[in-house]
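Written below as structure tokens is the structure these notes are about.
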Amino acid sequence: MPDLPLPERPLSDRTMIEISHVSRSYGAFKALDDASLTIREGEFFSLLGPSGCGKTTLLRMIAGFDNPTTGTIAIDGQPMEGIPANRRPTNMVFQSYAIFPHLNVEQNVAYGLKRLKLGATEERRRVEEALAQVSLTGLGKRGANELSGGQRQRVALARALVMRPKVLLLDEPLSALDKKLREQMQVELRRLQQAVGITFILVTHDQYEALAMSDRIAVMFGGRITQVASPKEIYQRPVNRQVADFLGGMNFVKAEIVEENGASIVVDTLGFGRVRTDKPPAFTRNGGSATLGIRPERLRVLWDDATSKFEVAGRVVERHYFGEITHLIVEIPGLEKPLSVTETNDFGADDIPVGSAVRLAYDPDALVALAD
Amino acid sequence: MTMMNRMLSRWLPAYAFLYIVFLYLPVVFLPIFSVNTTASPKFPLTGLTLKWYRDLPNTPALIDAAWNSLMVGVSAALLATLLGICAARAITRYRFPGRRAINGLIMAPLVLPEIILAVSMLLVMLQLGLSLSLITVVFGHVLICIPYSLSVLTSGFEGFDRSLEEASADLGESAFGTFRRVTLPMVAPAIISSLLVSFTISLDEFIIAFFLTGTEPTLPIYIWGQLRFASKLPGVLALGTVLLVGSFLLLTIAEVLRRRAARRTQNTGGAHA
């Protein structure tokens, strides 16, 4: 993979995949319930959700290994109904990698090219090119059983990329790797996608993976698509408690709705007082109460005499040290649940005694209203 | 406790040695006496000769029996492996009620007394009005070969990652192409191994063949018939040695292939992960 910094590729407006009202039932079980999505050409798109949310089912239907019970899928303007997996312009990186164990690296990568009858020279060139893209140059003669987990992952990637698909599908491709390698591969995958410009669809249950790599993310729960947005928006403006909770830590505070209009909402809370905040697009009022959410890292400890226009006071009841950060649990009078606070250690948060009084500063923009 | 351990560690190797000797000494006598010049199997040997081996091809009855055994063995191996493939694929690929029970029932002939099996089969064949022939022997041998065939094939098919076939389709290959380029090469060693094991078992089998054959003897039955004549003993020993070496070779090849098949299909981690 090239190591030069690449400019972010501007996203095209062309639609690559159009999923409309797709449902999939297995007997009485609805694996996917009325999913609609538009994925653009050259986009790195992630399907994120816990296991059983329907993300893999959707991916397998795009690949052609499964068919919708109702609804349609179109790839590059072409309806995919009745088109089997071997005639779709998609290629997949399987969770198990599915490296053919009786073939070596080169033969694995060339597997799909054999049918295209390119001629020996062109086929060689394409294989070499694909191996270079995934930094496996020189390992072509390695047997499938002589590869490490990371190398197997790269072979699976090369084998799919060499086909020059319109869409590359990745089914939890990094879940079998250890943490360090996984983080390294996240960067490499993103870089590779930017370099080749192919539409990538990634299925993952790891929110950090989705946040780190994607242009857009669809968060799924129980067979439904709950939110589709950029990583930043998903993280900062989750549409409901479920999404907020799934995407990392979140403090939830009970709130009473005082005023609600088109764009904003005013609530009263016991800890944070009266707060005016943007109303999320999917906000549906359920009686007079709502929930206010704030991420642990958006609460900061105020040292010594420092003050903030927006602060809450409380007492540290627990402290957990994580190396670069410290996790504090702070009890606030009036709040039924203590707040989680994530503080970097450069000012000595790791030395705050348990039981001491602290004041926490927050940005009111970091408070999001969530429908109950 | 430590005393006991010390005693064990001293005597266990001796016990193991005696055990091996007891197990294999009779087998070693076979080739030794088969090269003795006199007909009676007694020490000391009177001289070395290969004439008993040279006589083997000149015995028409033996050639007939060998031919019969070959026919029976090949047919039984093919049939048992074919049925074994169906059963092993069903058992390793699908989850269905009674899977374990069916597996157990197929494996049962392995532990049933062979003579009971032979007598019951004889009764069934006669009830069905089948006249005894090499074909009935084949049926009997298929029954006792399937457990071996099934266990070899199951270990070859087990862990066959279904996504391999999907990956092949994903890369543009047709269903037949996938079978030819992925499925077959991966399970071929197990299938060949099953054929070899089944053939070997059929070749050496006596009781069922004895009950179910009509007038045409297989090799073990021929050998049994020859044992009544003391003068024929060296020929039997020579033939026995040939069979022994042949079976040993076939089973070794079969085991090597079975392990290769198992290694191919069970490759989730990678050797140097």
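If the requirement is being touching a Gly at 6+ places or on another chain (Cβ under 9 Å) and more than 20 Å from B:A169 (Cβ to Cβ), which of these qualifies: A:N91, A:N145?
That would be A:N145, the only listed residue that is touching a Gly at 6+ places or on another chain (Cβ under 9 Å) and more than 20 Å from B:A169 (Cβ to Cβ).
Could we say that A:V187 is part of a helix (DSSP H, G or I) and surrounded by 22 or more Cβ atoms within 10 Å (Cβ to Cβ) here?
In short, no.
Pairs only if they're at least six apart or on different chains, beta carbon under 9 angstrom, first in the stretch B:115-127 and under 14 Å from B:F210 (Cβ atoms), second assigned to a helix (DSSP H, G or I) and hydroxyl-bearing (S, T, Y); list them, first residue then second.
B:M121/B:T136; B:L122/B:T136; B:M125/B:T136
Within the stretch A:313-336, count every residue that is of a type outside the set (D, E, K, R), closer than 25 Å to A:E256 by Cβ and assigned to a loop (DSSP other than H, G, I, E, B).
Number satisfying all stated conditions: 4.
I'm trying to understand the selection: among the residues of the stretch B:149-190, which are buried (at least 22 other Cβ atoms within 10 Å of the Cβ) and more than 14 Å from chain A (Cβ to nearest Cβ)?
Result: B:S149, B:L150, B:V152, B:L153.
Could you tell me which residue of the stretch A:50-75 is nearest to the other protein chains (Cβ to nearest Cβ), considering only residues that are buried (at least 21 other Cβ atoms within 10 Å of the Cβ) and within 16 Å of A:H21 (Cβ to Cβ)?
For the stretch A:50-75, the residue satisfying everything is A:I62.
Kindly indicate the residue of the stretch A:293-305 that is over 23 Å from the mean Cα position of the chain (by Cα) and at pLDDT 85 or above and also surrounded by the most Cβ atoms within 10 Å (Cβ to Cβ) among those meeting that condition.
A:L299
Which of the residues that make up the stretch A:95-126 are under 26 Å from A:S175 (Cα atoms) and part of a helix (DSSP H, G or I)?
Selection gives A:V105, A:E106, A:Q107, A:N108, A:V109, A:A110.
Exactly one of these conditions fails for B:G129: (1) within 14 Å of chain A (Cβ to nearest Cβ); (2) assigned to a loop (DSSP other than H, G, I, E, B); (3) out of contact with any helix residue (DSSP H, G or I) (no Cβ under 7 Å at 6 or more places or on another chain). Give me its number.
Tallying (1) within 14 Å of chain A (Cβ to nearest Cβ); (2) assigned to a loop (DSSP other than H, G, I, E, B); (3) out of contact with any helix residue (DSSP H, G or I) (no Cβ under 7 Å at 6 or more places or on another chain), B:G129 fails exactly one: (1).
Quick check: is even one residue across the stretch A:137-160 in the same structural domain as A:L47 (by the TED database), under 24 Å from A:T90 (Cβ atoms), part of a loop (DSSP other than H, G, I, E, B) and modelled with pLDDT of 90 or more?
No.
Take A:F65 and decide whether it is aromatic (F, W, Y) and assigned to a strand (DSSP E or B).
no
Looking at A:S96, is it under 21 Å from the mean Cα position of the chain (by Cα), within 14 Å of chain B (Cβ to nearest Cβ) and farther than 28 Å from A:D245 by Cα?
The answer is yes for A:S96.
Determine whether A:D178 is within 30 Å of A:H21 (Cα to Cα), within 14 Å of chain B (Cβ to nearest Cβ) and among the acidic types (D, E).
no
Just checking: which of the helices (runs of 4 or more DSSP H) contained wholly in the stretch B:146-246 hold 2 or more residues that are in contact with a Lys or Arg (Cβ under 9 Å, 6 or more places away or on another chain) and among the β-branched types (V, I, T)? Break it down stepwise before answering.
Details: elements: B:162-170, B:175-178, B:184-204, B:207-212, B:219-226.
Passing ranges, in order: B:184-204.
Restricting to the stretch A:127-136, give me the number of residues that are assigned to a loop (DSSP other than H, G, I, E, B) and free of Cβ contacts under 8 Å to residues at least 40 places away in the same chain.
Total satisfying the criteria: 1.
The values are calculated or read from the model by the stated rules, or taken from the named source; none is laboratory data. Predicted model only: the values in this text are computed from it and were never measured. Cβ: placed from backbone, ideal geometry, glycine included. Neighbour counts: every protein chain shown.
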